[in-house]
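The values are calculated or read from the model by the stated rules, or taken from the named source; none is laboratory data. All of these numbers come straight from a predicted model, not from anything done at the bench. Quick reminder, even Gly has a Cβ in these numbers, built from the backbone with ideal geometry, and neighbours come from all protein chains shown.
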Amino acid sequence: MTVDLRGSVAIVGIGETDVGVLPEQGSTELCAEAARLALINAGLHKKDVDGLITCNPWVEPHLYHAEMFSEYMQIFPKFCMTLNAGGATSLTAVLRAASAIMTGVCETVLITHGDNPRSGMTGAETGQKMTTTLNPQFELPYGVGLTSGYAMAARAHMHQYGTTQEQFAQVAVSARNHAALNPAAEMRTPITIDDVLASKVVSDPLHALNCSLWSDGGAAVVVVAAERAKDFPNKPVFFLGCGEGHWHEHLFQTRSLTTTAASESGPRAFEMAGMQPSDMDFANVYDCFTNVVLVELEDLGFCPKGEGGSFVENGNIELGGSLPVNTHGGLLSHSHTGHPGSMFALTEAVTQLRGDGGARQVADAQVGLVHGQGGVLSSHATLILGTQAAL
Amino acid sequence: MSSKPMVKPVPKPTPETRPFWDGCAVGELRLQHCNSCQHVQYPPRKLCSGCFSQEVEWRVASGRGKVLSWSMVTAPSAPGFHEEVPFLSVMIRLDEGPVMLSVLRNCAGDAVDFDMPVKVIFEQRTEEITIPYFEPA
């Protein structure tokens with residue numbers, strides 16, 4: 001017997017801390033502040049929380065992080081889980097929250113992430129920590145980093161499909177244009193394609209402005225059964241579908257350098273939602289590096305395989321284009337807080353579907369997609385959300 | 001060029017990877033072949049990842065392959081490599097099938113190309129550990 005999760009749960013609260021350089025707050029504090037704000041937004045008291053999902057931060061990790069956090073907040077959940085799927089974590093958390101609620105394990109799930117990798121680690125410590133994601137025997141000894149993995153994937157895409165560096169750069173330009181409309185974003189000064197191409201080469205063909213930020217911050221959501229959703233102060237946003245795909249941890253073990261497991265997570269999410277890519281009013285997809293956005297848009301079905309480059313040109317992924325992408329500014333210009341990074345793509349989707357996007361509001365947004373990716377093109381999770389009208 | 005091998009990461013062989021590193025130490029690139037389904041795998045495992053047979057056998061590989069993709073790394077991201085940049089990070093499809101991450105030596109950045117034939121060379125890192133690198137074949 002299976003449980004149909006489409007329309008089964010809703011997000012009724014969101015919380016976002018400030019992002020950027022926050023030297024006065026540690027990882028746990030940011031996680032707590034995000035949680036506090038999400039509960040206020042949902043009109044809930046902490047005693048109402050009976051499910052908790054966290055992820056381990058870089059700066060203050062704990063072996064049992066969710067248990068540590070429940071102790072810190074003096075919340076005593078009956079469902080308590082620390083997830084670790086890198087940048088896909090936040091979306092895999094929503095699927096697990098929905099599963100726990102719809103199987104009667106708990107009723108009100110708080111998902112909260114926070115980290116301060118920008119202020120809480122030195123450059124050397126960051127380098128050291130990031131290399132822990134590499135295979136210790138077969139990658140680490142070569143001195144390569146995560147960026148060179150993404151760079152090799154970018155070059156393979158250029159070779160296989162004729163994608164250009166200008167097309168990669170367009171993704172950074174569009175993200176910055178959205179961030180310019182978002183008072184909460186870290187980097188808001190518009191940039192040009194020439195600025196991206198003139199920025200320092202990090203690992204060719206990727207330049208510094210092809211790479212995301214590195215920020216402090218935290219964000220949280222509250223998930224409850226859809227039948228309770230009308231009882232909360234803010235407009236509920238409903239879970240319509242979710243899918244995951246996991247092919248590898250280390251890039252050299254991937255099935256393809258140019259196609260990712262988003263080609264499986266996307267169709268799984270669309271099938272659950274009973275929808276198509278063309279039904280989406282916007283998409284917030286993981287943009288740790290600009291080339292990843294092109295690949296995800298292809299693999300999720302927004303354009304034919306190999307045509308991501310032309311799809312992102314001429315403002316097509318900006319407000320007013322056929323598919324606004326990362327309306328908050330994304331990891332490239334809003335913030336990249338480490339593992340909590342995709343949580344802001346999720347809270348932004350809720351903001352858009354509530355109609356609270358202000359200057360960056362997508363007109364009549366009823367359905368949106370959020371996609372997270374962890375590791376080096378490794379873990380993929382796709383979530384489709386909608387308003388009451390989309391149910 | 002000076003090098004500081006002590007600060008670069010050194011692989012710690014496990015029981016299942018020990019034959020691979022023992023091979024590198026004597027100038028052999030060794031791969032596991034499955035005697036049940038003929039799958040060739042890297043990195044080493046206790047079972048065949050193709051069919052879960054335990055009949056995996058170590059054989060000396062050709063040491064040859066082709067470039068799948070590359071990146072010239074200009075900003076070092078791991079400790080111990082600051083004097084080595086820039087260097088060519090490469091993904092190589094070995095002639096036997098598996099893909100290896102490695103670094104390409106003795107090749108200018110504008111000389112590397114897709115499907116370029118390469119062959120393994122070995123660089124000793126410590127008394128016990130030798131690392132497989134590649135160069136144009």
Inside the range B:17-30, can you point out the residues that are over 15 Å from residue B:123 (Cβ atoms), within 11 Å of chain A (Cβ to nearest Cβ) and either buried (at least 16 other Cβ atoms within 10 Å of the Cβ) or at pLDDT below 95 (or both)?
B:17, B:20
Being modelled with pLDDT of 95 or more and touching a Gly at 6+ places or on another chain (Cβ under 6 Å) is the filter here; which residues of the range A:60-86 pass it?
A:77, A:79
Top-ranked residue of the range A:16-37 - restricted to ones that are under 22 Å from residue A:356 (Cα atoms) and of a type in the set (D, E, K, R), ranked as nearest to the chain's Cα centre (by Cα):
A:16
Is at least one residue of the range B:50-66 within 13 Å of chain A (Cβ to nearest Cβ), without any contact (Cβ under 8 Å) to a residue 24 or more places away in the chain and either within 28 Å of residue B:116 (Cα to Cα) or acidic (Asp, Glu) (or both)?
no
In the range A:196-222, residue surrounded by the most Cβ atoms within 10 Å (Cβ to Cβ) [restricted to those that are within 17 Å of the chain's Cα centre (by Cα) and among the β-branched types (Val, Ile, Thr)]
A:221
Restricting the range A:154-166 to residues that are of a type outside the set (Val, Ile, Thr) and more than 7 Å from every other protein chain (Cβ to nearest Cβ), the one nearest to residue B:102 (Cα to Cα) turns out to be A:154
On the given criteria, is residue A:157 at pLDDT 95 or above, within 22 Å of the chain's Cα centre (by Cα) and of a type outside the set (A, V, I, L, M)?
no
Residues satisfying the stated conditions in the range A:49-69, i.e. within 13 Å of residue A:114 (Cβ to Cβ) and surrounded by fewer than 19 Cβ atoms within 10 Å (Cβ to Cβ):
A:60, A:61, A:62, A:68
Helices (runs of 4 or more DSSP H) contained entirely in the range A:59-130, each with at least 2 residues that are within 14 Å of chain B (Cβ to nearest Cβ) and free of Cβ contacts under 8 Å to residues at least 12 places away in the same chain:
A:123-130
When only residues in the range B:70-85 that are modelled with pLDDT of 85 or more and within 7 Å of chain A (Cβ to nearest Cβ) count, which is nearest to residue A:136 (Cα to Cα)?
B:81
Applying the selection to the range B:3-38, what residues are part of a loop (DSSP other than H, G, I, E, B) and in contact with a Lys or Arg (Cβ under 8 Å, 6 or more places away or on another chain)?
B:8, B:10, B:16
Enumeration of residues in the range A:290-329 that are in a helix (DSSP H, G or I) and over 21 Å from residue A:243 (Cβ atoms):
A:290, A:291, A:309, A:310, A:311, A:313, A:314, A:315
Is there a residue in the range A:184-201 that is polar (S, T, N, Q), within 14 Å of chain B (Cβ to nearest Cβ) and not in a loop (DSSP other than H, G, I, E, B)?
no
If you check every pair at least six apart or on different chains, which have Cβ atoms under 8 Å apart with a residue in the range B:120-137 that is of a type in the set (Gly, Ala, Ser) first and a residue that is in a strand (DSSP E or B) second?
B:137/B:64; B:137/B:117; B:137/B:118; B:137/B:119
Got a sec? Which of A:351, A:327 is within 24 Å of residue A:115 (Cα to Cα), in contact with a Lys or Arg (Cβ under 6 Å, 6 or more places away or on another chain) and modelled with pLDDT of 95 or more?
A:327
May I ask you to list the residues in the range A:333-376 that are under 13 Å from the mean Cα position of the chain (by Cα), of a type in the set (A, V, I, L, M, F, W, C) and under 25 Å from residue A:82 (Cβ atoms)?
A:343, A:344, A:345, A:346, A:349, A:350, A:370
Looking only at the range A:222-236, count how many residues are closer than 21 Å to residue A:92 by Cα and in contact with a helix residue (DSSP H, G or I) (Cβ under 6 Å, 6 or more places away or on another chain).
4
Among the residues of the range B:106-118, count how many are within 12 Å of chain A (Cβ to nearest Cβ) and either in contact with a Lys or Arg (Cβ under 6 Å, 6 or more places away or on another chain) or of a type outside the set (A, V, I, L, M) (or both).
5
Read through the list (1) in a strand (DSSP E or B); (2) within 14 Å of another protein chain (Cβ to nearest Cβ); (3) within 23 Å of residue A:85 (Cβ to Cβ), then give the number of the only condition that residue A:222 fails.
(2)
If you take the residues of the range A:242-281 that are within 17 Å of residue A:376 (Cβ to Cβ) and aromatic (Phe, Trp, Tyr), which of them is farthest from the other protein chains (Cβ to nearest Cβ)?
A:247
Just one of (1) free of Cβ contacts under 8 Å to residues at least 40 places away in the same chain; (2) of a type in the set (A, V, I, L, M, F, W, C); (3) more than 12 Å from chain A (Cβ to nearest Cβ) trips up residue B:103, so point out which.
(3)
Checking residue A:143 against (1) surrounded by 20 or more Cβ atoms within 10 Å (Cβ to Cβ); (2) more than 9 Å from every other protein chain (Cβ to nearest Cβ); (3) without any contact (Cβ under 8 Å) to a residue 12 or more places away in the chain, only one condition comes out false. Which one?
(2)
Of the residues that make up the range A:253-260, is at least one of a type outside the set (A, V, I, L, M, F, W, C) and part of a helix (DSSP H, G or I)?
yes
Residue satisfying condition, being among the basic types (Lys, Arg) and either in contact with a His (Cβ under 8 Å, 6 or more places away or on another chain) or in contact (Cβ under 8 Å) with a residue 40 or more places away in the chain (or both), within set A:6, A:36:
A:6
Residue B:89 being under 23 Å from residue B:7 (Cα atoms), in contact with a helix residue (DSSP H, G or I) (Cβ under 9 Å, 6 or more places away or on another chain), facing another protein chain (nearest Cβ under 10 Å) and of a type in the set (Ser, Thr, Tyr)
yes
